[in-house]
Amino acid sequence: MSASRHEGERRPDWAALLVAAFLVVVGGVMLWDSARLADLGGYSGIGPGTIPRVVGVGLLLLAVWTAFAAWRGDFPEREPQQIAPVVWIVAGLAGQMLLLHVAGFSLATAILFAFTARAFGKRNLAVNLAVGIIFAFLVWVVFSQLLMLHLPAGPLERLFFPGA
Amino acid sequence: MGSIDFLMQGLAAASDPMLLLYALIGVTLGTAVGVLPGIGPALTVALLLPVTYRLDPAGSLIMFAGIYYGGMYGGSTTSILLNTPGESASIITALEGNKMARRGRGGPALATAAIGSFVAGLIATLLLAFLAPYVVQLALKMGPRENFALMVLAFVTVSAALGDSALRGLTSLFLGLALACIGIDQLTGQARLSFGVPELLDGVEVTTLAVAMFAIGEALAIAAKGPGPADEVTAVKGSVWMSRSDWARSWKPWLRGTFLGFPIGAMPAGGAEIGTFLSYATEKKLSKHPEEFGNGAIEGVAGPEAANNASAAGTLVPLLTLGLPTSATAAIMLAGFQQFGLQPGPLLFATNPTLVWSLIASLLIANFMLLVLNLPLIGLWVKLLTVPKPWLYAGILLFATLGTIGANPSVFELGMLLAFGVIGYLMRIFGYPIAPIVVGLILGPLAEQQLRRALSISQGDPMTLLQSPIAAVMLTIAALALIVPLVLRLRGRGEVLRQMGGDED
Amino acid sequence: MKRFVLAALLASAVPAIAADYTIIAPANPGGGWDQTARTMQAVLQEEGISDSVQVQNVPGAGGTIGLSQFASQNKGNPNALIVGGYVMVGAILTNHSPVSLADVTPIARLTGEYEAIVVPAASEIETIDQLVEKLKADPGSVSWAGGSAGGTDHIGAGLIAKAAGVDPTKINYIAYSGGGEALAAILGNQVTAGISSLGEFEAQVEAGSLRLLAVSSPERIEGVDAPTLIESGLDVNLQNWRMVAAGPDLTAEQKAAVTADIETLVKSEGWQKQLADKGWTDTYLSGDAFDAQLAEDTAATEAILKDIGLVK
């Protein structure tokens, strides 16, 4: 992230200009998609594409405004960010997502649990994983077996509850 | 007064110890499932309804009422303590409630939410019992154009209340409106912005966005600050209980929230969340401490929580008097009622008074049990915040994903959760407010549909919006709310407002 | 932890046993399919047809998301069922779903509801003929409130227009997300007419706040004081039915076993009582007769959706 704003004078904020570019992309996609829609406005005169078009134009205007504010350096000061913990948590969420239907709820969720704890400073992954597996399994038992929530089962769950 | 006799009979019958136990069990189960972020009252009731089948009719009715109130209330606990609203109606609660919890005032925040819910539930249930037939006649006057005007009013009050920077607030709102366009257009069945992906055809779930933006975005932002005492959360400072001034500042918002939430819940198109938006804006306007809003103002918890619960009772008005389920939760309740042989409709109060009054008695008792269960638990809940950060956030993410998985165990849904979580984190870095994006997603489709329906009925004549007195009044209020601050800003050269916008989270 | 202890105390009240059937409800909780699935769950267990039944909601896109997931995950699995219905037939067409009902094993039609056409009690329209006259004179002046676009109600309005010789693309149909909101619009006198399942309107008709003009059944319905569309000169016969299907590629024995279980369910007292409580009509149909009916409905639906302009 840009560190150029600490001297107090106002300079272009490049990261914020990226935000403006993102808004241009979203607004552009909305206009492009709404152009494809059939004009089925019927008696109201407002078809399925009308509101997306209005929102898309609004986003483009906001992009211009954002670019202007970024150029003048009007965005609030940002705190320095540590990237490693963010990567750990994102990896944990991705791991859970990909393993959920293969390994079952407890094992997949234990990954998320362990990586998140790691991101917040618990460095011993083996311990984190062990705690995560036990905790996630207890949660699985309570919510799927007692409270009838449908949670994916894997090898671990089937070991204790063969019918799951 | 036949009604009162019936009510007293119902209450007397329901005060049997066994029935009270069933009510307690129902409230406990409902709270346990409803507390999960992403699982709202509708799913809670649907999941737990089979549990009630095993009991005799009186027992199952009262347990059912308990599950309903437990599910409604459960969301506010996680909103306040962990900043992870369980459903759309408790998003506003998170705004002030979590700020309070971080300053060591989690106890009073939970207490005002619990007592506010109780007060609102009590008043609203009594209103339901005695005024339902009249309220419903008023609610039916709300057609598409009146509802559209209501949505516009909600938009204006919410964006006026939530943004410190007009640019960033509007950007957040418009991103929400853009998300709202995804999926099948309700009025024509056309797929919008779904790029051939079937999972996108139903659009973005509000709960997915809310859980991702609040819970995951927050966890990422806090992790990225690194270790250090800078943002230490104070678990408890001062009393866990509400002080005299907390009471003094809470009781009026409770009442105002109740009287805002109840009629909005009774309207066919009004969701519980709209009442919470309006209540928050009202409290901010009326408060003697407007500067505390955004930093943990107790009124901002008391009012919306009361509105939320009152509107839950409000949805029972069209349900019982017309057989009209106006929300997913109400549709499930309808299924539940039929289980007890209660056929809601215009003749219900006349043909089956005993059952109606025992239902209402059950609701009152369940409401009371909720208070009994939750007040003693507040001390325990608050202790949650003393759990060391690594375990606390690992647990928060576990429960946040558990809710999403339980509602819909799809990899795609979890992928959206992750993507929105990262966006929520980036928005926090750049100082964009989170609430408007969620508000845009909730209100966007409602406003669009109501406008198009109104214009369709008038065959394209926009003047129809002003020809209804109710709609015209609401649109005028909305216009004033938008214009007056602008005028003030221009006259005061924006100094005051700019100072107020200084410390955005 | 606290919650675990509380829940553990309840363990005796809620036994956890192996699931004999998993029923997919391809919709959110509260809708007709969800209620059908949960009613099946209750009756299958009560009647001892199955020890344990789980219901899972896979919502989305008129049931097509649940259907395609079901078809890909349950090849040859005789323990998985999915609930569906007439609306799914239309949704498969409008959403260009790659998976259709031909990709699963339809078992039986369970229940059905006929459509009813109503006007507010305060309306000057007294008969279906007067409504049709108004429609012919100026189709835009008749606003119809009903369920989602492309659903049974919308198709019904299109069929009526077509039968009356009015261009179906010209109907002023106002789609609402659920029956409840549409009913409110009709009761509030916001629209000209309403079209939805008879059950949605019945109580209001009895109370005199709605006027029932006609029903979409082939013959008059017992206890319902209204003509059919057919006898009013409009050739429309429309039923909003719900069905149950099993996974693809079942052996003949497996299909027979599932069909037998469903037949036991439908014939049970518990099921009949639930139908009576909920106001559903038993339109049970299975085997070849059901397959033929399904093919016929699919063809007719495709034709009318093209006429309305929702499918190209």
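Shape of chain A from its Cα gyration tensor (a ≥ b ≥ c, root eigenvalues): rounded if a/c is under 1.5, otherwise prolate when a/b > b/c, or oblate? If you can, show how the numbers build up before the last one.
Values: a/c = 4.27, a/b = 1.45, b/c = 2.94.
Verdict is oblate for chain A.
Using r as the Cβ-Cβ distance of residue B:13 and residue B:252, and R0 as 35 Å, what FRET efficiency do you calculate, to the nearest 0.05? List each step's numbers first, then the result.
Numbers: r = 35 Å, r/R0 = 1.00.
With R0 = 35 Å, the Cβ-Cβ based efficiency is 0.50.
Determine, from the Cβ-Cβ distance of residue C:75 and residue C:102 and an R0 of 22 Å, the FRET efficiency 1/(1 + (r/R0)^6), rounded to the nearest 0.05.
0.95
So what's the protein assembly as shown giving for Cα Rg divided by 2.2 N^0.38 Å, two decimals?
0.91
Once you compute Rg and the Kirkwood Rh from C-alpha atoms, what is the Rg to Rh ratio for the stretch C:81-139? Please list the in-between numbers first.
Values: Rg = 18.4 Å, Rh = 15.3 Å.
With Rg and the Kirkwood Rh in hand, the quotient comes to 1.20.
Quick check: convex hull over the Cα atoms of the stretch C:113-215, volume per residue in Å³, rounded to an integer?
Numbers: hull volume 8.5 nm³, N = 103.
That works out to 83 Å³ per residue.
Using only the Cα atoms of chain C, build the gyration tensor, take square roots of its eigenvalues as a ≥ b ≥ c, and label the shape rounded, prolate or oblate: rounded if a/c is under 1.5, else prolate if a/b is larger than b/c, else oblate.
It is prolate, given that a/c is not under 1.5 and a/b is the larger ratio.
Can you order the peptides C:241-251, C:217-227 by their average number of other Cβ atoms within 10 Å per residue, highest first?
Averaged packing, sorted descending, gives the order C:241-251, C:217-227.
So what is the diffusion coefficient of the stretch A:83-160 in µm² per second by Stokes-Einstein at 10 °C and 1.306 mPa s, using a Kirkwood Rh over Cα pairs?
Values: Rh = 12.5 Å.
Once the numbers are plugged in, D ends up at 127 µm²/s.
Over chain A, what is the relative contact order in whole percent, taking alpha-carbon pairs under 8 Å and six or more residues apart?
In percent, rounded to a whole number, it is 19.
In a Debye calculation with equal point scatterers on the alpha-carbon sites of the stretch B:1-144 and no solvent, what is log10 I(q)/I(0) at q = 0.18 Å⁻¹?
-1.11
Under 23 Å between alpha carbons, and skipping anything fewer than 8 positions from residue C:170 in its own chain: which lysines qualify?
By straight Cα distance, residue C:170 reaches C:134, C:136, C:162, C:306, C:312.
Treating the angle as unsigned and between 0 and 90°, give the value, to the nearest 10°, between the Cα long axis of helix C:128-137 and the longest Cα principal axis of chain C.
70
What order, most packed first, do the peptides C:34-46, C:114-126, A:62-74 have when packing is the mean number of other Cβ atoms within 10 Å of each residue?
C:34-46, C:114-126, A:62-74
Extension gain residue B:479-residue B:5, at 0.36 nm per residue separation less the Cα-Cα distance, in nm?
165.8 nm
Using a 10 Å cut-off around each Cβ of peptide B:408-414, what is the average number of partner chain Cβ atoms that fall inside?
Average per residue, whole number: 6.
Could you compute the FRET efficiency for residue B:225 and residue B:377, with r as their C-beta to C-beta distance and R0 at 25 Å, rounded to 0.05? Mind dumping the intermediate values first?
Values: r = 31 Å, r/R0 = 1.22.
With a Förster radius of 25 Å, E is 0.25.
Given +1 on the Cβ of Lys and Arg, -1 on the Cβ of Asp and Glu, and no further charges, what dipole in debye does the stretch B:2-500 carry about its Cα centre, rounded to the nearest 20?
On the way: 27 positive and 25 negative charges, 244 e Å.
The dipole of the stretch B:2-500 has a size of about 1180 debye.
Which entries in C:75/C:267; B:252/B:389; B:252/C:278 show an alpha-carbon gap greater than 31 Å?
B:252/B:389; B:252/C:278
Considering every residue in C:145-153, what mean count of other chain Cβ atoms within 10 Å of its Cβ is obtained?
Working: counts 3, 0, 0, 4, 9, 4, 1, 0, 0.
Per-residue shielding by partner chains comes out at 2.
Per residue of A:53-64, how many C-beta atoms from partner chains lie within 10 Å of its own C-beta, taken as a mean?
Details: counts 1, 4, 12, 4, 0, 6, 6, 0, 2, 8, 1, 0.
For peptide A:53-64, the averaged partner shielding equals 4.
Taking all pairs of different Cα atoms in the stretch C:173-215, averaging 1/r and flipping that mean, what Kirkwood radius in angstroms comes out?
Details: mean 1/r = 0.0945 Å⁻¹.
So the Kirkwood estimate lands at 10.6 Å.
Ranked highest first by average number of other Cβ atoms within 10 Å, how do B:209-220, C:162-173 line up?
B:209-220, C:162-173
Along the charge dipole of the stretch B:2-500, Cβ charges K/R +1 and D/E -1, which of B:331, B:306, B:418 sits furthest on the positive end?
B:306
Along the three principal axes, how long is the stretch B:2-500 when you take its alpha carbons, biggest first, rounded to the nearest angstrom?
62, 61, 50 Å, listed from the longest principal axis down.
Hey, what angle do you get for helix C:252-267 against the long axis of chain C, alpha-carbon based, 0 to 90 degrees rounded to 10?
That works out to roughly 70 degrees.
Within the stretch B:168-183, list the residues whose amide N lies under 16 Å from a label point set 7 Å along Cα→Cβ of residue A:65.
Label zone hits: B:168-178.
For chain C, modelled as a Gaussian network with Cα springs under 10 Å, which listed residue fluctuates most, C:277, C:291, C:235?
Top of the fluctuation ranking is C:277.
Would you calculate the separation in nanometres between label points at residue C:292 and residue A:134, each defined as 7 Å from the Cα along the Cα-to-beta-carbon direction?
Spacing of the two 7 Å Cα→Cβ label points: 6.5 nm.
With angles folded into 0 to 90 degrees, how steeply does helix C:64-73 sit against the dominant principal axis of chain C? Use alpha carbons for both and round to 10.
Approximately 30 degrees, to the nearest ten.
Values in this text are rule-based calculations from the coordinates and carry no lab data. As the structure is a computational prediction, the values presented were derived from the model and not from experiment. Note that we place each Cβ from the backbone using ideal geometry, even for glycine, and neighbour counts take in every protein chain shown.
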